[in-house]
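**Student:** Dumping the structure here so I can ask a few things about it.
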Amino acid sequence: MENKRTLRIVLASPGDVSAERDVVATVVSEVDGICRDLDPPLALELWRWETDSYPGLHLEGPQGIIDDRLRIDQSDILVGIFRRRFGTPMTDADSGTEHEIHVAINAWRANGKPRVMLYFAEDPADGSAQ
């Protein structure tokens, strides 16, 4: 019997870091290929709103669909990426991304997971990188 574990990673960010989001997807895919050869194997799953959610109606608006699909509270890791934008305001947070981070932090307080990892992209063109 194979004893395989799956590490569920959710990627949260506003729309101005799409290139970084694609890099994360590539890296997770490459690391997943390596981890599947471990003994016991480890599978990495990356969940993103743009690939794992869908348009539709929800009583809580579009974020409600994203929450239902991504199940952030059941993930192992939440990776947040920011550049200049914070995201679109919501009723319970200044952005959907902030809402997702709050969901992850509340789940972490209750269950010890997901691990929350936040990253900030820098633009060499605007002098923010040293």
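**Student:** Counting only residues that are of a type in the set (A, V, I, L, M) and touching a strand residue (DSSP E or B) at 6+ places or on another chain (Cβ under 9 Å), which one in segment 35-65 is farthest from Ser13 (Cα to Cα)?
**Tutor:** Narrowing segment 35-65 to residues of a type in the set (A, V, I, L, M): 38, 42-44, 46, 57, 59, 65.
Now drop any that are not touching a strand residue (DSSP E or B) at 6+ places or on another chain (Cβ under 9 Å), which leaves 42-44, 46.
Values: Leu42: 25, Ala43: 23, Leu44: 19, Leu46: 14 Å.
Taking the candidates together, the pick is Leu42.
**Student:** Let me ask something else. Tally the residues that are of a type in the set (D, E, K, R), at pLDDT below 95 and open to solvent by 20 Å² or more (accessible area, probe 1.4 Å), restricting the search to segment 76-115. Full working, then the answer.
**Tutor:** Let us first name the residues in segment 76-115 that are of a type in the set (D, E, K, R), namely 76, 83-85, 92, 94, 98, 100, 109, 113, 115.
Cutting the leftovers down to at pLDDT below 95 gives us 83-85, 92, 94, 98, 100.
Right, trim to open to solvent by 20 Å² or more (accessible area, probe 1.4 Å) and you get 83-85, 92, 94, 98.
Counting residues in segment 76-115 that are of a type in the set (D, E, K, R), at pLDDT below 95 and open to solvent by 20 Å² or more (accessible area, probe 1.4 Å) gives 6.
**Student:** Further, regarding this structure: Restricting to segment 31-50, what's the tally of residues that are farther than 30 Å from Gly87 by Cβ and β-branched (Val, Ile, Thr)?
**Tutor:** First pass over segment 31-50, keeping only residues farther than 30 Å from Gly87 by Cβ: 33-42.
Retained after the next criterion (residues that are β-branched (Val, Ile, Thr)): 34.
The number of residues fulfilling the criteria is 1.
**Student:** I'd like the full set of residues that are modelled with pLDDT of 90 or more and open to solvent by 50 Å² or more (accessible area, probe 1.4 Å), limited to segment 20-51.
**Tutor:** Across segment 20-51, the qualifying residues are Asp22, Val23, Thr26, Val27, Ser29, Glu30, Val31, Ile34, Glu45.
**Student:** Examine segment 52-66 for a residue that is surrounded by 13 or more Cβ atoms within 10 Å (Cβ to Cβ) and in contact with a Phe, Trp or Tyr (Cβ under 8 Å, 6 or more places away or on another chain), and state whether such a residue exists. Steps first, please.
**Tutor:** Kept after step one, since they are surrounded by 13 or more Cβ atoms within 10 Å (Cβ to Cβ), are these residues of segment 52-66: 52-53, 60-66.
Okay, now just the ones that are also in contact with a Phe, Trp or Tyr (Cβ under 8 Å, 6 or more places away or on another chain), so 65-66.
Yes, that holds for at least one residue.
**Student:** How many of the residues making up segment 27-43 are in a helix (DSSP H, G or I) and more than 14 Å from the chain's Cα centre (by Cα)?
**Tutor:** First, pick out the residues of segment 27-43 that are in a helix (DSSP H, G or I): 27-35.
Within this subset, residues satisfying the condition of being more than 14 Å from the chain's Cα centre (by Cα) are 29-35.
Number satisfying all stated conditions: 7.
**Student:** Give the residues of segment 67-97 that are part of a helix (DSSP H, G or I) and out of contact with any strand residue (DSSP E or B) (no Cβ under 9 Å at 6 or more places or on another chain), sorted by residue number.
**Tutor:** The answer is Asp67, Asp68, Asp73.
**Student:** Then there is this: Can you tell me which residue within segment 88-108, out of those that are of a type in the set (A, V, I, L, M, F, W, C) and in contact (Cβ under 8 Å) with a residue 24 or more places away in the chain, is farthest from Pro62 (Cα to Cα)? Spell out the reasoning first.
**Tutor:** Of all residues in segment 88-108, those of a type in the set (A, V, I, L, M, F, W, C) come to 90, 93, 101, 103-105, 107-108.
From what is left, the residues that are in contact (Cβ under 8 Å) with a residue 24 or more places away in the chain are 90, 101, 103-104, 107.
Working: Met90: 10, Ile101: 16, Val103: 16, Ala104: 18, Ala107: 21 Å.
Of everything passing the filter in segment 88-108, Ala107 is farthest from Pro62 (Cα to Cα).
**Student:** Mind checking which pairs have a first residue in segment 45-63 that is part of a strand (DSSP E or B) and a second that is of a type outside the set (A, V, I, L, M), Cβ under 6 Å, 6 or more apart or different chains?
**Tutor:** Glu45/Thr6; Glu45/Arg8
**Student:** Does Gln63 fit the bill of being in contact with a Lys or Arg (Cβ under 9 Å, 6 or more places away or on another chain) and under 24 Å from Asn111 (Cα atoms)?
**Tutor:** Details: in contact with a Lys or Arg (Cβ under 9 Å, 6 or more places away or on another chain): no; under 24 Å from Asn111 (Cα atoms): yes.
No, not satisfied.
**Student:** Asp76 passes all but one of (1) among the acidic types (Asp, Glu); (2) more than 24 Å from Arg5 (Cα to Cα); (3) touching a residue at least 12 places away in the same chain (Cβ under 8 Å); (4) touching a Ser or Thr at 6+ places or on another chain (Cβ under 9 Å); which number fails?
**Tutor:** (2)
The values are calculated or read from the model by the stated rules, or taken from the named source; none is laboratory data. This one's a predicted model, so the numbers in the text were calculated from it and none came from an experiment. Positions of Cβ are backbone-derived with ideal geometry, glycine not excepted, and every protein chain shown enters the neighbour counts. All accessible areas refer to the heavy atoms of the entire protein, side chains included, with ligands and DNA or RNA removed. Shrake-Rupley method; radii C 1.70, N 1.55, O 1.52, S 1.80 Å.
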